[in-house]
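Participant: First the structure, which I've put down as structure tokens, then a few questions once you've had a look.
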Amino acid sequence: MKCLLVANESAEVLFYWTDTEFEQQIQEQYGVSQEEGERPPEFEDSINTLFAPIIISCSTMVDRLGDNYTSFSTENNHIYVLHQFDECLYIAVNGDGDETEEDLKRKIYVMKKLTEVMFGMVTLSGALLRKELRPQDTEQRNRLWKKLRSLLETYSRLRENDQSFLVEAVERLIHPTLCEQCIEFLERRLVQQINNNMDRAGEEVLHAFILVHTKLLAFYSSRNASNLYPSDLLALIILVQDLYPSKIDLDDTSEELESSSVPDVFYTPEPSPPERESVRLRGDSPPVFQFVDPDVQMAEDSLQTLEVPTPDPSAPSRVFLEAKECPMMPHSMYCLPLWPGITLVLLNKIPNSHVAVSVYYFLEAFVKLEKRLSEGHEGAAAMRGQPSVQEQRSRLEKCIKSWAGMDIQTLQLQNVWTDFKNKAFSRSGCGFTRELLPSCRNMKTQLCGVYKQFFAAECMGSSQRLAPHLQERALTMVQEKLMDWKDFLLVKSKRNITMVWSLVGTAQRYLQKGYATVTLRDGDYFYCYFLWFENETGYKLEVIDIPSTPDDAAPVGMLTCDYYRKLLRYYSKKHQNEVVKCYELFTVHLGVIPNEYILQHCSQLARKLWEPSRIPLL
């Protein structure tokens, strides 16, 4: 009994996902009122009917009280969790008791993160996001919603079965020799070879990494690349797992090793070649008989329909990731399956990516201006803390002229910019007052529109990708490198000791309240949680009071809001001259062990986990 819905202020459904039980309940609820012979309502109409009162009620509360619901429960024990992001209202529902309010809140934030990775700065404009999430073309909308639903289900599966997604931390496969060899191989062989090739269509590999199921074997970033933050890396792992799902059971490992990354295709043999002619394999198409008999030809056609559809590995995905220049920088992502369960991922810089930096620069300026005008600042006070007005004005006009020369539709942007200038700078205009707010919002929408024209996934032409032979070469090179290791890696990646799931949620709730240490006894077991800080040399830093967060704040984690980066920023205020790192440790002991020995063992364990490879566990 689960559902997640995204709607706008007009009570229009922009996206929804339901499980089978929830769908059946809705169909039973709204189908019984139909007269005999009358068609039942479309399921989407039923969803609209169910949620419209809630959405309208939320909008009314925001308009009149400046406040909103965060959650409520019904008489039939359904839990509703709601969160408003700008113009979009997210609603998550559970009716079977499998999820808590915190779980539903986390699911909402993960959904928002996935839309940001897929659509970038378009998510900053409510009008454009509506068009992205709900395309007018029904077939296109069905494809998009199917993709989003699949991503949500993949996340839920990983959250339930994979400890790295339980604690929202990137888990690494630790084999110091192999890891070092792979990183060196990615740097000196793979990335250099691709970046020096003329068939890369202007792209440049910034990051390359190898995943074994959800675990990171090796990761390499080029020298001019920004950091790839854990929140983005976790989101990318969800995308990879959605394309190539892992089997969880260890018993399936042997079956996986016998299969290959090639799709299941049933081939028919080619006719024998004439004398003195060697047999040549065709590039991408399977060999077929040249039959004359129509009945036999029909049989062959039916055989070819047995081919299992798989994603085209040569077609990259457009993803938007945080970079130092822009929080949603466009990249091309290539997922190359080496074997089932082992994947090579390339993240590439694309041509014209500098446009995203310019768009974000101006977008941020208008967001700040809108905020200060909304707070009542006017005139020069509204522009305080920003570069000079004339400098920004001149720079924007140069950019608009440059974008127009790149086959980008800028007429609407030019019109809105002219309107803004007339109101802000002319004597007859309103100047920098609250009356300028609508023009600010229009400028934000138009800038996001330019960004969409440059970087939206549908704008990716077939020529804008690494040449297929480059991708094939990259895949072959890594396969050759790992051929002798693949069986070992697939087994090692699945041999985890499953931790006690409930302990994590309990520790995170206490962490939100400001507790860095939690010890509790439950039946025959004693659970411990520790959070501490160290400098780069491994010296443990002093304990501080961790700030508590309000109940309606984002959940603790890295995928949803990167809580730990904010915590490090807070702690680093007192350690500005050194690199500060944050660590966590979860332990489970038998309850008969005395408390002092448990704490002593936890301290020793923390040191031992750090010593072998100098790579932290979490």
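The values are calculated or read from the model by the stated rules, or taken from the named source; none is laboratory data. This is a predicted model, so every value here is computed, not measured. Cβ placement follows ideal geometry from the backbone for every residue including glycine, while neighbour counts extend to all protein chains displayed. Ligands, DNA and RNA are excluded from the accessible area calculation, which covers all protein heavy atoms including side chains. Shrake-Rupley method; radii C 1.70, N 1.55, O 1.52, S 1.80 Å.
Participant: Find which of P176, L152, A127 sits farthest along the positive direction of the dipole of region 113-195, computed with +1 on the beta-carbon of Lys and Arg, -1 on that of Asp and Glu, about the Cα centre.
Facilitator: The listed residue farthest towards the positive side: A127.
Participant: Show me 18-24, 322-328, 205-211 ranked by packing, highest mean number of other Cβ atoms within 10 Å first. Intermediate values should be presented prior to the final figure.
Facilitator: Numbers: 18-24: 15.3, 322-328: 18.3, 205-211: 25.3.
Result, highest mean Cβ count within 10 Å first: 205-211, 322-328, 18-24.
Participant: Taking the Cα centre of region 2-124 as origin, work out the dipole magnitude from +1 charges on Lys and Arg Cβ and -1 charges on Asp and Glu Cβ, in debye rounded to 20.
Facilitator: Working: 8 positive and 24 negative charges, 115 e Å.
Rounded to the nearest 20 debye, it is 560 debye.
Participant: Note down the accessible area of H354, probe 1.4 Å, to the nearest 10 Å².
Facilitator: About 110 Å², rounded to the nearest 10.
Participant: How about region 413-442: which trypsin sites (Lys or Arg not before Pro) there are in a DSSP loop, with at most 15 other Cβ atoms within 10 Å of their Cβ? Can you show the working numbers first?
Facilitator: On the way: sites: K421, K423, R427, R434, R441; in loops: R427.
Answer by residue number: R427.
Participant: While we're on this one: If you place +1 on the Cβ of every Lys and Arg, -1 on the Cβ of every Asp and Glu, and leave all else neutral, what size is the dipole of region 355-455 about its Cα centre, to the nearest 20 Debye?
Facilitator: Working: 15 positive and 9 negative charges, 19 e Å.
About 100 debye.
Participant: How big, on average over all directions, is the shadow cast by the Cα convex hull of region 2-124, in nm²?
Facilitator: Values: hull surface 34.9 nm².
With every direction weighted equally, the projected area is 8.7 nm².
Participant: Short version: ³J(HN,Hα) in whole Hz for each residue of region 390-403, in order, from phi by Karplus 6.51 cos²θ - 1.76 cosθ + 1.60 (θ = phi - 60°), x for Gly and Pro, what are they?
Facilitator: Each residue of region 390-403 in turn: 5, 5, 5, 4, 5, 5, 5, 5, 5, 5, 4, 5, 5, 5 Hz.
Participant: Output wanted: per-residue J couplings in Hz (rounded whole) for region 525-530, from phi through Karplus 6.51 cos²θ - 1.76 cosθ + 1.60, θ = phi - 60°, x for Gly and Pro.
Facilitator: Per residue, the Karplus-derived 3J(HN,Hα) values read 10, 10, 9, 9, 9, 9 Hz.
Participant: Follow-up. Leaving out ligands, DNA and RNA but keeping every protein chain, what accessible area does Y515 have, in Å² rounded to the nearest 10, with a 1.4 Å probe?
Facilitator: Probe radius 1.4 Å; accessible area of Y515 about 120 Å².
Participant: Points 7 angstrom from Cα along the Cβ direction at N68 and Q27: gap in nanometres?
Facilitator: 3.2 nm
Participant: On to the next question. Listed here are the pairs K2/K113; K481/K581; K349/K452; which of them are more than 23 Å apart at the Cα? Intermediate values should be presented prior to the final figure.
Facilitator: On the way: K2/K113 20 Å; K481/K581 33 Å; K349/K452 17 Å.
Where the Cα-Cα span goes over 23 Å, the pairs concerned are K481/K581.
Participant: Moving on to the next point. Going by average Cβ density within 10 Å per residue, which order do the peptides 222-228, 361-367 take, highest to lowest?
Facilitator: On the way: 222-228: 13.3, 361-367: 18.1.
Highest to lowest by the protection proxy: 361-367, 222-228.
Participant: Which peptide among 82-95, 405-418, 60-73 comes first, and what is the full order, when sorted by highest mean count of other Cβ atoms within 10 Å?
Facilitator: Working: 82-95: 19.9, 405-418: 13.9, 60-73: 12.1.
Ranked from most to least packed, the peptides come out as 82-95, 405-418, 60-73.
Participant: Okay, next question. Can you tell me how region 500-610 classifies by the Cα gyration tensor, rounded, prolate or oblate, using a/c under 1.5 as the rounded cut? Mind dumping the intermediate values first?
Facilitator: Values: a/c = 2.31, a/b = 1.30, b/c = 1.78.
It is oblate, given that a/c is not under 1.5 and a/b is not larger than b/c.
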